[in-house]
Each structure stands twice: as structure tokens, then as C-alpha cells.
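The values are calculated or read from the model by the stated rules, or taken from the named source; none is laboratory data. Quick caveat: nothing in here was measured; it's all calculated off a predicted structure. Heads up, the Cβs are rebuilt from the backbone with ideal geometry, glycines too, and the neighbour counts pull from every protein chain shown. Please note that ligands, DNA and RNA were not included when accessible areas were found on the heavy atoms of the full protein model with its side chains. Shrake-Rupley method; radii C 1.70, N 1.55, O 1.52, S 1.80 Å.
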Amino acid sequence: MKPTNEIHTRLTSMNSLSYSIISFGIFYGIKQAAFFYKLFEYLLPNEYLRVIPALFFGYFISRAMLNIAVNISSNKEWVITSIALFDFLVLCVITDVLHQESVIDITNLLIFCAFVTYLGYWLNQVFVEKAKEKQQKANNAQNLAAIKQNIASCSTHLASVEQTLATKKQELKNIEQTISEKACPYCDAVFPSKKSRDAHKGRCTHKK
């Protein structure tokens with residue numbers, strides 16, 4: 001028997017949720033197709049001719065609803081509620097609630113329509129939250145990768161600057177050493193060569 005946390009992880013994973021939303025999307029498309037099949041009854045009396053546009057509109061509406069639910073912003077969640085209300089009305093039309101004669105049949109159908117709508121509403125809600133959470137994690141990962149890349153670039157630049165600074169320090173030391181070798185130890189005058197400096201040292205007026 002699998003541990004409880006592993007089962008919970010698998011049930012709440014994005015893959016499991018994706019399968020659920022795909023299954024619901026197929027059911028939603030069939031439901032919309034059935035709705036349009038009844039709706040087109042007055043326009044297309046032929047049952048076979050009604051199937052093609054009903055399937056087309058069912059597929060189109062189900063994809064559109066899913067895209068709207070996934071891409072809806074957090075401050076417009078009322079759209080998902082409106083979709084759920086429309087979904088409830090569609091189910092009422094498909095099950096032909098208004099033409100039922102028995103109160104029990106009407107009640108049962110209304111409960112069924114409300115339950116299916118409620119299930120789809122919360123499935124959409126959870127899927128949207130999971131999708132946005134995954135997208136946020138992906139964005140955070142990209143931002144972190146960009147930050148790490150910038151840090152690596154800055155480190156490389158800093159190492160280059162340090163190398164340049166070390167080179168300049170060494171050049172400065174060499175210059176100081178050269179000046180020291182060509183400068184008169186008595187008057188600190190700098191000469192073009194050691195030979196000229198040595199020639200000057202013998203007659204330097206600052207020599208004690």
C-alpha cells in the first residue's frame with residue numbers, strides 16, 4: 001500500500017488534474033453539442049444535418065470556455081461564475097426540465113444539473129489556480145536563472161577587473177623600480193639611463 005502523502009501528491013499533481021480537466025472538457029463539448037442539437041431543431045429539421053454544426057459549436061464553445069477559464073485574471077473571477085450559470089441553464093435545456101410533469105422529476109433533474117455545474121465550477125477553479133501556480137513557479141525559475149546568469153557575468157567582469165588591476169599594480173611597480181634605478185640618490189633627479197645617472201652622481205651638488 002502506497003503512503004498517504006504519495007497518494008495525495010499523485011491525486012493533486014498537475015498531470016492528474018490535467019486528465020480530469022480534459023475529461024471534463026470532452027464531457028462539456030458533448031454537452032454543448034447536445035444543447036446546440038436541440039437549439040438547431042427549428043433551423044435544421046433533418047437530424048443528420050444538425051449533428052455536424054452541433055459538434056462543431058460544441059467543440060468550439062468547450063475550447064473557448066476552457067481558454068477563458070485558464071487565462072482569466074484574478075480580479076475577474078465572476079466570469080467563471082457566469083460560465084457556471086450558463087452551464088447550468090444549458091443542462092436544464094438538455095434535460096428538458098421545463099417540460100417535466102412530475103415535481104420529483106423536476107427536482108431530481110435540477111439537483112443533477114446543479115451538481116454537475118458545481119463540480120465543473122470547482123474543477124475549473126482548481127485547474128486555474130494550479131495552472132497559475134505552475135506558471136508563477138516557471139517565471140520564478142526563469143527570473144532566478146537570469147539572476148544567476150547576471151551574478152556569473154558580474155563575477156567574470158569582477159575577475160577581469162581584478163586581473164587588470166593586478167597588471168596595473170605590477171606595471172606601476174616596474175615603473176617605480178625603473179625610476180628608482182635611474183634616479184639620483186642625492187637630488188632625486190631622473191635620468192634617461194643608469195650610465196647618465198652614474199655620471200651625474202659623481203658631480204652632484206647635493207652630495208654630502
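A few remarks follow.
- Per-residue ellipticity at 222 nm, computed for the chain from helices alone with -39500 (n - 2.57) per DSSP H run of at least four residues, works out to -28000 deg cm²/dmol.
- Between the Cα long axis of helix 78-94 and the first principal axis of the chain there is an angle of about 30°, rounded to the nearest 10.
- Relative to the longest principal axis of the Cα atoms of the chain, the long axis of helix 47-71 lies at roughly 40 degrees.
- For the chain, built as a Gaussian network whose Cα springs stay under 10 Å, the top-fluctuating residue of K134, K194, K168: K194
- Separation of the A199 and F56 label points, Cα + 7 Å toward Cβ, nm: 10.6 nm
- Ratio of Rg to Rh over region 121-177 (Cα coordinates, Kirkwood Rh, two decimals): 1.60
- For region 72-149, the set of chymotrypsin sites (Phe, Trp or Tyr not before Pro) satisfying both a DSSP loop assignment and a count of at most 11 other C-beta atoms within 10 Å is empty.
- Set the Cα radius of gyration of region 114-208 against 2.2 N^0.38 Å, with N its number of residues, and you get 2.90.
- Summed residue charge, Cβ within 14 Å of F56's Cβ, Lys/Arg positive, Asp/Glu negative: +2
- Note: relative contact order over region 50-162, using C-alpha pairs below 8 Å and six or more positions apart, is 27 percent.
- Unit charges at the beta carbon, dipole of the chain: most positive-side option, Q136, H157, L123: H157
- Cα-Cα separations in the chain greater than 33 Å, expressed as whole percent: 54 percent
- Relative to the longest principal axis of the Cα atoms of the chain, helix 14-39 runs at roughly 40 degrees.
- Short-range pairs are left out: with C-alpha atoms under 8 Å and at least six residues apart, the relative contact order of the chain is 15 percent.
- Cα centre as origin, Lys/Arg/Asp/Glu Cβ charges: the chain dipole, Debye: 2500 debye
- Accessible area of the chain divided out per residue, in Å², using a probe of 1.4 angstrom: 74 Å²
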